[in-house]
Every structure is written in C-alpha cells, then in structure tokens.
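The values are calculated or read from the model by the stated rules, or taken from the named source; none is laboratory data. All values derive from a computational prediction rather than experimental measurement. Note that we place each Cβ from the backbone using ideal geometry, even for glycine, and neighbour counts take in every protein chain shown.
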Amino acid sequence: MDITATLVFVGLFLFVTWVGFVAARWRKADLNMLHEWGLGGRRFGTVVTWFLLGGDLYTAYTFIAVPALVYGVGALGFFAIPYTILIYPILYLVFPKLWRIAHAKGHVTAADFVEDRFASKGLGLAIACTGLFATMPYIALQLVGMEVVIGALGFSTEGWLGHMPLIIAFLILAAFTYTSGLRAPALIAIVKDLLIFVTVIAAIVIIPAKLGGYGAIFAAVPPEKLILPKPEPGSLGQYSVYATLALGSALALFLYPHCMTGILSSSSGSVIRRNAGLLSAYSFVLGLIALLGYMAIAAGVGENPAYAFGFETYGPNFAVPALFLDSFSSWFVGVAFAAIAIGALVPAAIMSIACANLYTRSLYKAYLKPHCTDAEEARMAKIVSLVVKVGAVLFILVLPQEYAIQLQLLGGIWIIQLLPAILLGLYTKSFGAGAIMAGWAVGMTSGTWMAATQGFGSSIYPLYVFGFEIPAYAALYSVILNFAVAGLWTLVAPAKPQTQAAST
Amino acid sequence: MSEGTEKTGRRRHWPRLLFAIPFIVVLSVPLYDRLEPELLGIPFFYWFQLSFVLVGAVIVAIVYAFEDKDGREP
C-alpha cells in the first residue's frame, strides 16, 4: 500500500468534496427550480462550459479504457481520435439551434424538445427511456475506473470492505449533487481538468524520457499492432470498422443526456460554437493519453511481477495505473490517480442529473403529476438522481463487470437512435411522430439484434453486400435503417400540418 | 425565423462547407494507415491523426470567425 500516494489522493478528494458543497452558493439562485438545479440556470459561459463539456466527454472510463484498448489491441484503439475530430463540426452545426429552441421554450432535456416538436408525449417517453437506459451503465463504468485506481493504490477491492472507498466516494457525490445540482460537477470539473492536464503533460515528458524517446516506445510495440491490418480481398476489413466506429461514435455523443445537459446549460449558442473549437484541446490530450497504452508496453509493465496481481484483477484496464506506478514518484501517483477518480465523479454527477431531468420531465411531469409545482419538480429530480446513483453502485457491486461493459456497448447503439428525432425535428417539417417512432423502433431492434449476433461482445456487425463484406459499427447501420424507415413511413403516411393545439 | 432571413442566412453559411474536409479525410482510412514517414520517431498513422485534431480546430475557428463577423446568431 502506497501511503504517500494515498494521502495525496485522499487530500485532493476531500478538497473536491468541499468544492462540491460550496458550489451551491456559486451564481446563487433558487435550487428548488429544476432549470437551476438541473441546468445551472443556463448561465454557464464559454470557459465554464468548456470545463463542463470536457468533464462530460473525457471521463475516467475514457482515460482508463482508451489506453487499455491501445495496449491490448493496438491501432484500432486510436479510433477515439478521429471520433473526437468529428464531434466538433457536429456540435457547431446542430446544437446552437437546439439550444435556442430549448431556451425559448424552457426545455430541459432532448425528450422535452422532441415531445414538443412532434406533439407526442409517447415519443418523448421513448426518447427519455432510451437516454436513461443508455446512460445508466455508463455511470456504472465510471465506478469501474475509480475502482482500478483505488486497487492500484494497494487496497483490495474485493468484498464489501473492499468496496467501502467506492461507497464512500459515492455517498459524497450523492450529497453534493443533491445540494448543488449541476453547479457541483461544473466547478469540480475545473479542478479535475487542471489535474488531468498536469498529469498528462508530466506523462508525455517524463515517461518517454525514461524509456528512451518516442522512437523507442513505438519500436517496443509488435509491428502488426502498430497500424491497422490491410483488409482481406472481398472485404473492407478494419478500414470500415475504424471509420464507422469514429463516425458512429461522433454522431451519438451529444445525444447522450449528460452531454445534452452540458450543452443546454450554456448561456448562448455562441458559447457552444466557441467551444466547438476550444474543446479540440481535449482531443489532442486524448490522443496523447491513448499513446500511454504503448508506453505501458514499452515500460514492460505487463511482464513486471509487481503488477501481475493488478492485471489479473483488472485486465488491460490496469495498463495506465501500472505505468504511473512505474514511472512517477509516490506523491505524483497520488495526484494522477486523484485526477482519474475525480474524472469519474464529474461525469457520474452530470449523468445522474441528466437522468433525473429526463425522468422528472418525461415521466413524472408528463404522466404522473402534470400539475406539479416547480419545487416538487426539482425535488423529484434530486431524489431520482440519488436513486440512479444507488442503482449504479449496486450494479457494480452485485453484477459481474462484463454486464456493465456489454450494456454500455448496447447503450451506444441505442442512443444514436435519437439522431433522426433531433436532426429531422430541427431541420424539416416533413416528418410526423409516427414516422420517427417507427424509425426509432426499427433502429433499436435492429441494433440490439446486430449486437446479439456477436454475443454482445462486440458492436461490429459484418454486413455482406453482394458477397462483399463490410464490417462496421452496428450503431451506424441501425441508425441508417432508422432514417430509412422514417423516410418510407413519411412517404406512405405524410405528417399532418402542425396545429396550434398540441395533442397529447 | 421567417423564410427570407433563412435564405440570406444560408448564403452566409458557405464557410461551413469547410467542415466536409475533416469528414472526408478522417473517413479515408487507407490514406493514413501507414508507418512512414515518421515524425520525431512517431509513425505516420499517429502523428497525422494528432495533427488533424489541430487542423479540425483551425477549421472550426475559421468558420466561427467568418460567421461572427456578421455579428448575428446563425
């Protein structure tokens, strides 16, 4: 057990806890209003939005899992970089308009927008449920990221005693989310980002220096892993896999409720457009983080007996923690691990708030208590966010980790099914609720089916077109089907012109 | 927004065509799936994509600067 690292880790964690509670007083307002609790009052300017969206996009799971993929599989793991290159044009083009409408009409979630735009509570409910089911495993996986660094500090994470640090962390998270709402993760994201940037800069300078330079690092990687293998004849092979993973993930990202929350909490469309350029800094850092996977190979942490137990317990997810333990002095290990653990808290908080917003608007207010007061609405959201977090913790404690990973895989396929509702809802009047619903249903079932054919172990579906194999991301195939069905439906049964009185 | 402003808005938005560049380049995987030429010991596959992050950022900045000049929300 590394005492120094643990002390630094705990110290930073306590600091961040304090920040979380103090956040309630930041830009003080009535946190008994849902848009204040759940969207920070829509007052976050360029800089705060940058930190908040960064906290959304770059989670603990990202920092552990991306290098783990590069460590285990090689070049394919780098798809995270083209993916993050593509998200910014999408952010720039689509979301300022959505923000404007949401701001004008008081929408708190994507489901609010869809329900209003298509005058259909049922469609709003479908959108909300998709968001909820896609996000919950993602929260659970942040806990996995946290557990890996706690385990790397030398604490056993087996059994109920071993899970105590996690439970304590989540109790803290639950408490300050309840009191401060979105302001808490927004403020903490600033601390988290500073820690992450410091850690990454140290990593890309110190570790290559120790290993003999970048040339030596890449030389240590088996050459067949370094680039994508050329496809076999009669197939697009890894090329289509890589490209569609990037494109599909990029299209899906901002549809996730927690990213939507980050966007809708901005103070203007210009803030969003500015961030579309500024957030690229995170992509660059992500690229460097991905290379940590190769540094781990070059440092030989996989063969080092000191880390054998870690790799046995956590698999390739242990690559980055092992690399840090191997390369940094104790106190800095504490800083680096705190960065990752706090990097789990921030998105977990935002995700649970986003889920709470969805439930409260599209289920509670839409169906259960349409005439609830603002205070009742906010209180319901606070309670739901607690429930969601408890659910995530139980999920990790009780079920094998593979389930969380599989569900998250499916979550990516599910969330992209919101794309037609958002895009078509924003840019054309030709589609009615029926068409969107039909497309959504077909997208959900086909995507889930494609994943099922791969035993839920992979989301790549090998499609055969006239004997030519195009293996690609199931999310992309299913959303294409989604659009196609919506289009066909609209041709057969065109949308009625929107009347003033919204039907329910 | 009335139809009139939509049409003039669209004419102002031609810089957005620049956004096609990241999509086309990034999706053309065979273009960059190679080791040579290296840069500072880093294989082409990696340094090309990393530098394209910066290119993407610059493109967004260009489009933003162009649209912001008009002083109006698109």
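Laid out as a table, the results:
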item	result
Condition check for A:Tyr88: within 11 Å of chain B (Cβ to nearest Cβ), of a type in the set (Phe, Trp, Tyr) and over 15 Å from A:Val271 (Cα atoms)	no
Matching residues, the range A:276-297, being small (Gly, Ala, Ser), touching a residue at least 12 places away in the same chain (Cβ under 8 Å) and either within 11 Å of another protein chain (Cβ to nearest Cβ) or surrounded by fewer than 23 Cβ atoms within 10 Å (Cβ to Cβ) (or both)	A:Ala276, A:Gly277, A:Ser280, A:Ser283, A:Gly287, A:Ala290
Residue in the range A:257-275 that is more than 20 Å from the chain's Cα centre (by Cα), away from every other protein chain (no Cβ under 12 Å) and closer than 23 Å to A:Phe79 by Cβ present	no
Residue that is nearest to the chain's Cα centre (by Cα), among those in the range A:137-171 that are modelled with pLDDT under 85 and hydroxyl-bearing (Ser, Thr, Tyr)	A:Thr157
Criterion: not small (Gly, Ala, Ser) and not in a helix (DSSP H, G or I) - qualifying residue of A:Leu98, A:Leu31, A:Leu93	A:Leu31
Considering residues of the range A:67-85 that are over 19 Å from A:Phe254 (Cβ atoms) and of a type in the set (A, V, I, L, M) only, the residue nearest to the other protein chains (Cβ to nearest Cβ)	A:Ala75
All positions within the range A:196-206 that are buried (at least 21 other Cβ atoms within 10 Å of the Cβ) and in contact with a Leu (Cβ under 7 Å, 6 or more places away or on another chain)	A:Ala203
Boolean, A:Ile87 is part of a helix (DSSP H, G or I) and more than 28 Å from A:Phe284 (Cβ to Cβ)	no
Residue match in the range A:93-103 (condition: free of Cβ contacts under 8 Å to residues at least 24 places away in the same chain, surrounded by fewer than 22 Cβ atoms within 10 Å (Cβ to Cβ) and under 22 Å from B:Val26 (Cα atoms))	yes
Among the candidates A:Val114, A:Val94, residue that is closer than 30 Å to B:Ala57 by Cα, at pLDDT 90 or above and not acidic (Asp, Glu)	A:Val94
Candidates A:Ser362, A:Ser352, A:Ser330 - the one that is within 17 Å of A:Val198 (Cβ to Cβ), among the polar types (S, T, N, Q) and away from chain B (no Cβ under 14 Å)	A:Ser330
Residue in the range B:16-41 that is farthest from the chain's Cα centre (by Cα), counting only those that are within 7 Å of another protein chain (Cβ to nearest Cβ) and closer than 15 Å to B:Val53 by Cβ	B:Val26
Qualifying helices (runs of 4 or more DSSP H) (wholly inside the range B:15-74; at least 2 residues being over 24 Å from A:Leu291 (Cβ atoms) and not aliphatic (A, V, I, L, M))	B:44-69
Meets criteria (in contact with a helix residue (DSSP H, G or I) (Cβ under 9 Å, 6 or more places away or on another chain) and closer than 23 Å to A:Thr49 by Cα) for A:Val191	yes
Residue under evaluation A:Gly315, criteria (1) farther than 14 Å from A:Leu52 by Cβ; (2) within 13 Å of another protein chain (Cβ to nearest Cβ); (3) surrounded by fewer than 23 Cβ atoms within 10 Å (Cβ to Cβ), criterion not met	(2)
Qualifying residues in the range A:459-483 (those that are among the aromatic types (Phe, Trp, Tyr) and closer than 13 Å to A:Thr448 by Cβ) - the one surrounded by the most Cβ atoms within 10 Å (Cβ to Cβ)	A:Tyr461
Identity of the residue in the range B:42-56, among the β-branched types (Val, Ile, Thr) and within 7 Å of another protein chain (Cβ to nearest Cβ), that ends up farthest from A:Ala298 (Cα to Cα)	B:Val53
Residues of the range A:207-229 classified as facing chain B (nearest Cβ under 7 Å) and more than 22 Å from A:Ala336 (Cα to Cα), total	5
Filter result for A:Val390 (in contact (Cβ under 8 Å) with a residue 24 or more places away in the chain, out of contact with any strand residue (DSSP E or B) (no Cβ under 6 Å at 6 or more places or on another chain), among the aliphatic types (A, V, I, L, M) and surrounded by fewer than 23 Cβ atoms within 10 Å (Cβ to Cβ))	yes
